[in-house]
Each structure stands twice: as C-alpha cells, then as structure tokens.
Amino acid sequence: MSIESPIRPPTRWRTVLRDAGTVYSVNGLIGFIFAATGPVAVILAVGTRGGLSESDLASWIFGSFFLNGLVTLLFCWLYRQPLAFFWTIPGTVLVGPALGHLSFPQVIGAFVATGVLMLLLGLSGWVRRAMAMVPMPIVMGMVAGVFLRFGLDLVRALHEDAVIAVPMVLAFLLLNAWHAAGRRVPPMLGALLIGAIAVGLSGRFAPELSAASVLARPNLYLPEWSLQAMIELVLPLAITVLVVQNGQGVAVLKAVGHEAPINAATVACGVASIATAFVGTVSTCLTGPTNAIISASGERERHYTGGLVVGALALAFGLLSPFFTRLMLATPPAFIATLAGLAMLRVLQTAFVASFGGRFTLGALVTFPGHGGRHRDPERGRRILGAGRGLPGVVAAGKAGFRDTRQGVAEAENRCPSPKARAPSAATTSISPRPTIARSTTSGARATGTSRSATTIPTSTRTTSTCRSSRFASRWHKAA
C-alpha cells in the first residue's frame, strides 16, 4: 500500500484566508489549550518522578510542541485536513517506571528505535494489518494499570492539599455537568484557572524568572543502545502510538467524514519520533483529543484551518518552553498531580472499558495488576532477561488470552455437539444458497421439509449461546 498523495491542487495562502473563520480559530485555541495543560502536567509528573532536571523537562516540552508543531502545519497544509501531531500520553506514562532503572540516554535510544520501527511499518504499508492483529484489550489493560497511578495521585492530592485540589475538582465536575458553560470554557481550562487562583491565594507560588529562562535552548542527547531498554520500551511504545493514539485519531476524524492518510501519518510519526528523540521527547503520534476538538464544529472542508492554528500556537509554546516549565514546576505538587489526574480520567475510563468490555478479558486482567502494582517501587520484582515487567506482562497476558480462547473452543466442542452431530440427516440440514425449494415447485412435501429445516436454525443458535455461557462460567469457576 503506497503512501497517500497530498491533496490537489496544492493549498495556497489565499485558500487558507478564505477558509479561516472565528469558529475554527476558537476550536484550534481550545485544542491547543487542552494539549498545553493536562498532558504537559503528565510530562512534568513523570519526569519529576523519574529524576529529570528542569533543563531536561524544558527540552522535552520543546520537542513536544515546536517540532511536532512543524509536522502539524505541514500535514494540515498538504492534506487540507485537521491532522494535529503531538506526543503519546500513554507512552509518556510507560516511560515513567523505566526511568527508575534506566538512564535517560538509554530511554532516548529506545525512542529512536521506536521511530525507526514506525518508519519501516509506514513505508511497508502494513500498518492497517498490524493494528488488526494486536489484541486491544490486552494493550489497554497494560495502559489502564499504568494510568491508575494518576488517579491515585489525584486522590492523594485531595487528602494532602485540599485547599488547592478540591476547588480544581469541583470546577472540573461543574463544567462537565453544566454543558452550556462547558462548551464555552473547557473543563480542563476551568480547572487550570481555578487552580491558578488557589495557588496564588495560598502564597506558595514564587518562581525565579530571568531573561535566560524564557527562550528555548534544547539539549541534544546522544542515545545509548541498551538491550534492556529495547525489550522493555520499543514494542509497547510502538503499540501505544500506532494502535492506541493513531487509532483513536483516525477514528475521531473518520467520524466527522475525514479520511486520514494512515500510512503517511505513520511515516511522519516515525521521522518525527527520531528527530524529537534527540532533544529528549517521547514518540510522536496523531493525537485523538485535539483533532476531535478542532473538527467538532463548522464545515468539514474548513477544519484544517483549526489545525493550522494549533500548529502555530505549538511553535510559540515550544520556543517559550523554559518559561512555562519553570512556572509549572514552581507550583505546589498538588496542583500538577490534580491537573494530571483530571486529564487522565477520561483516558483511564476508556482504557477500562476497552480492557474488560469484550474479548481477551482474562489477558487484560493478567496485564492490569502487573503494571498497576509497580507504581511505588519499579525495582520490586525480578526482571526477565534484563527487562522490566512491561514486556513480560504483555507476553503473559497474550499467553493467557490465547489459552483462554483455545480452552473455550475445546470446551465448546466437548459440551455442545457439532451441527453435523445434531442433524438427523444431511437433507434436512442443508442450508446451501440453492436449496431444494427453488427446484421443487411441484413437491410441497419437500418444500415444507426444507422450511422446517430452516426454522431449526434459531434453536441451534440458542443452544450454542447457552453452551457458550456455561463455558465462560466454568472457566471463571476454575480461575477462582
């Protein structure tokens, strides 16, 4: 499958000025604000917990916004669609535990390897097939286990610093419940503003600002190649980008009538991930929430102008990344924890639903505690082949899911006779596309017999459904 070609005729400034409008600019502003609030708080929370310095975090944020902003501008211009690229939030969360036992250059080496893998997959055109082969519940069980920490940190902030956390949570809940106000002020923006007021009134905000800490001076890192980092991070990062994030981005765009260039976006994610890795930024993805916001209203053919607004604002934010990083780090820890927790609530909800709402629930259940249980001490528990528990957890879950499916098929065959065994004769069970009714216009008996054979199909289906229910009940009984 070849890379999708850009739209013809090419976009020109005259076309952009004609398609621009207040609705699309506001949507772009709101989409950018979403990316610059909760997700940035996730970066700061993960990086601080992993021992990264302020300079490391500022460089990470520079790559997340400035370099990905360039990709956003390029794709919105070439394909005339709302194609916003930022960093993978689940991937950021997965990196957190790895920083406890890997050096930052080793993690960056895994970023580069992930970018190369995505680039090759994009050029091969196999991304659609690869996305279909990955059992989503198992992956989302891993993601839900890692995301659980942010929900627990939110609860802890409510207990330890209620003066700041409680007003933020109340503002978030109020704007979610009051839809008219929530459309004007996004819940995350309302929580940010109320939190900023609470921090200011508390008297605990005293950032040390200087002229040298305003403009970005990104660090350039030399990657270190570690087998342990490759095994632990490359495959999970690629899955979170291609399946979780890009899949979500493609889905929200398709829902409003856009056909995102999947292979071209995958190639862009690979190239951008390699470039941003050298400044310490996690892998690039086609974002879901931001694209959903900028395509939420207005004419479909003009949505891309909102993406251009997002890209332009991202460039400015990236250039000023040290300034914003110092402001955020000067706030009390409860402010960052609450903001990150609120930003992850919907994602955590989606992860739980995707994990335990369909097939492979046993595999998801195996993966979830394996990742949710390592928030306190990433070194607790032994590693397999030098890798952390991330990849072994996925392998164990995959084996459990495969065993789950194979055992269910075997039990179904033992408990329920096959259709051939239930059938009294081949003549009465034939449901071929050319039954004897079509030829037996003079034989009412044969037509009646064929009709009775057709009416037995729902009974067979109900029997199979009953056997399937008993099969799952027996399996869960054995598991208990």
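Computed from the coordinates by the stated procedures, all read-outs in this text should not be read as laboratory data. Treat the numbers as computed from the prediction; the structure is a model and nothing was measured. Here the Cβ positions follow ideal geometry from the backbone for every residue, glycine too, while neighbour counts run over all protein chains shown.
Overview of results
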quantity	calculated
Space enclosed by the convex hull of the alpha-carbon atoms of segment 171-282, per residue, Å³	215 Å³
Residues whose placed amide H lies under 5 Å from that of Phe86, excluding near-sequence neighbours	Cys285, Thr287
Paramagnetic reach from Glu299 in segment 237-256 [backbone N under 16 Å; point 7 Å along Cα→Cβ]	none
Calculated on alpha-carbon atoms, Rg and Dmax of segment 7-79 in Å	16.4, 49
Added length on full extension, which subtracts the Cα-Cα distance from 0.36 nm per residue, Gln349 to Ser55	102.5 nm
Overall dimensions of segment 235-355 as given by Cα atoms, namely Rg and Dmax in Å	16.1, 44
Gain in span if fully extended, Ala181 to Val214, counting 0.36 nm per residue against the direct Cα distance	8.5 nm
Length added when fully stretched, Arg359-Val23, from 0.36 nm per residue minus Cα-Cα	116.9 nm
